[in-house]
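Read the figures in this text as sums done on the coordinates, not as results from a lab. Predicted model only: the values in this text are computed from it and were never measured. Here the Cβ is made from the backbone with ideal geometry for all residues, glycine too, and neighbour counts use every protein chain on show.
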Amino acid sequence: MPAHPDLTAQNAQFMKKIHKLADNVYSAVGYAASNVHFLVGETGVVVIDTTETTQAATNILTDFREISDLPVNTIIYTHSHRDHISGAAVFAEGRDVEIIAADNFSSDLVGLDETRPAPNAALMARTKRQFGITLNDNERVNLGLGPGDRPMKGMGAGYIEPTLRVSKTTKLAREGFELELAKAPGETPDHLIVWWAAERILFSGDNFYHAFPNLYAIRGTPYRDFDTWADAMDQLMAYAPEILAPGHTQPVFGAEVIKTALTDYRDAIRFVVSETVKGMNAGLDPITIAAALKLPEELAQKPYLQEFYGHIGYASQAYFAGTLGWFDGNPTSLGRLPAAQEAERFIALAGGPDAVLDAAQSALENTDAQWAMELCDRLIAAEKNVKPARAIKINALRTVADATINAPTRNYYLLSARELEELG
Ligand SMILES: [Zn+2]
């Protein structure tokens, strides 16, 4: 079965192109997971964000050199995620350049902050699955917010430490551009947005992109504060931008179009919060709340709120866990049996391992791949019929992968299927 056509259509957001936003302002889109912006002055260039690999940064710089051969003197990081900071050395071209970031610049990604006892092995394995790293180009349609077929050479390699950290809203003149830098915590707490008033261009980092916001990343992220992110939309709107240059996906043009998009983004986040809170107050568990949660029709149809990257159900569960913690409120859950023990008893009750395997096979054949996986998980946990259970689960994973429009979910399913296959 081919990938979901809507996910394939999202590739239009990553057409490789250097967009001209205004005289002397450009955005390189589609070369990498994230965008690079250029402000070209009389004697030098300001770069905003640098992509995830030195190879992607090199490709962008090569094409940018058709536009200008001036040196890059200043680099601004909108936030600390790897896909924005890893190509800085390429743009610096061996010189000492100014690197600007927020004062609380700090990554929740693997390895950047060695002082924290992060579960790095888990994060690395899950990050690989979310982004489909090592999947082939047919399998990895895109990243939801970036192209699937981006260069991987030099991933994380060209990072340079910030030389100037900004703690509050700061006016800054660089290369003839009068810029305003403001902290705008949203997708991450360390977001720094850049405003150029002369042409009303706002560089918004990852607080907005053409997909439902990633309020929880399945690679494993700490709680992202929903209210803060929604508030950031008001902060962006207050500038009344006429051009919005996001960290991912195409630039957005037109004051009204941008205002509507930012309002919808904010309202969608607030809706997830209010519906989840209703469910919590009604004593429902997070999975039940998430399964029932749908955006109101007027929001659900907006192209930039489709779940190509963020996922409404994952967001709702993250809000539950981020506010009430892991406990679902049901006292049974305080003493849950470990998976292997529950599986043993379930399998016995269901008539034995062969009956459960047959049920898994028919669930798969009857387009109930999720139930097939849940049955297979019990066989695998109880170490009964492990090989045939794995084989059914592999098929089920590939079936659900092709049915989803959510790129991280698709990539996670497909890479997990391959990992199971490798177990033999
Ligand atoms: Zn990003």
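What ranking, highest mean first, results for peptides 173-180, 348-355 when packing means the other Cβ atoms within 10 Å averaged over each residue? Walk me through the numbers on the way to the answer.
Working: 173-180: 16.0, 348-355: 13.1.
Averaged packing, sorted descending, gives the order 173-180, 348-355.
Residue separation times 0.36 nm, minus the C-alpha to C-alpha distance between residue 133 and residue 421: what's the value?
Details: separation 288, 0.36 × 288 = 103.68 nm, distance 1.64 nm.
Here the answer is 102.0 nm.
Spin-label point model (7 Å from Cα, Cβ direction): what's the residue 98 to residue 120 distance in nm?
About 3.4 nm, to one decimal.
Note down the relative contact order for segment 5-265 as a percent, whole number, built from C-alpha pairs under 8 angstrom at least six residues apart.
Details: 575 pairs, mean separation 51.2, N = 261.
Contact order relative to length: 20 percent.
I need 46, 141, 277 ordered by Cβ neighbour count within 10 Å, fewest first.
277, 46, 141
Residue 274 versus residue 65, label points 7 Å from Cα toward the beta carbon: distance in nm?
5.4 nm
Students often forget the sequence filter, so: which lysines lie under 30 Å Cα-Cα from residue 278 once same-chain residues fewer than 8 apart are removed?
259, 294, 302
At a Förster radius of 30 Å, what calculated FRET efficiency corresponds to the Cβ-Cβ distance of residue 365 and residue 291, to the nearest 0.05?
Result of the calculation: an efficiency of 0.80.
With a cut-off of 8 Å between alpha carbons and a minimum separation of six or more residues, what is the relative contact order of segment 137-181 in percent?
Relative contact order comes out at 20 percent.
If each residue's Cβ is checked for other Cβ atoms within 10 Å, how do 106, 167, 316, 362 rank with the fewest at the top?
Taking fewest neighbouring Cβ atoms as first place, the list is 167, 362, 106, 316.
Output the 0 to 90 degree angle, nearest 10, between the alpha-carbon long axis of helix 226-238 and the longest principal axis computed from the alpha carbons of the chain.
Helix 226-238 sits at roughly 30 degrees to that axis.
About the Cα centre of the chain, what is the dipole size in debye to 20, counting +1 per Lys and Arg Cβ and -1 per Asp and Glu Cβ, all else neutral?
520 debye
Please list the non-local residues whose amide H lies under 5 Å from the amide H of residue 247, H modeled 1.01 Å from N, same-chain partners needing a gap of 5 or more.
Those qualifying (amide H under 5 Å, at least 5 residues apart or on another chain) are 204, 205, 206, 207, 208.
Rounded to the nearest 10 degrees, what's the angle between the helix 312-324 long axis and the longest principal axis of the chain, both from Cα atoms, 0 to 90?
The answer is roughly 90 degrees.
Compute the Cα gyration tensor for segment 5-156, then decide on rounded, prolate or oblate, letting a ≥ b ≥ c be the square roots of its eigenvalues: rounded whenever a/c is under 1.5, prolate when a/b is larger than b/c in the other cases, and oblate in all that remain.
Since a/c reaches 1.5 but b/c is at least a/b, the shape of segment 5-156 is classed as oblate.
Below 12 angstrom from the Cβ of residue 378, what's the summed charge of the other residues (Lys, Arg +1; Asp, Glu -1)?
So the surrounding residues net to -2.
For a quick check: with amide H placed at 1.01 Å from N, whose amide H comes under 5 Å from residue 179's, ignoring anything fewer than 5 positions away on the same chain?
The list, which skips near neighbours in sequence, is 172, 173, 174.
Cut-off is 10 Å between beta-carbons; in what order do 284, 414 appear when sorted fewest neighbours first?
Lowest count first: 284, 414.
State to the nearest 20 debye the size of the charge dipole of segment 248-369 about its Cα centre, where the only charges are +1 on K and R beta carbons and -1 on D and E beta carbons.
540 debye
How far apart, in nm, are two points set 7 Å out from the Cα along the Cα-to-Cβ line at residue 253 and at residue 234?
3.2 nm
Using a Cα-Cα cut-off of under 21 Å, which lysines could be cross-linked to residue 17, ignoring same-chain neighbours fewer than 8 residues away?
The reachable lysines, counting only those whose Cα sits under 21 Å from residue 17, are 153.
In debye, nearest 20: dipole of segment 254-319 around its Cα centre with unit charges on the Cβ of K, R (+) and D, E (-)? The partial results should precede the final answer.
Details: 6 positive and 8 negative charges, 25 e Å.
Charge dipole, segment 254-319, about its Cα centre: 120 debye, nearest 20.
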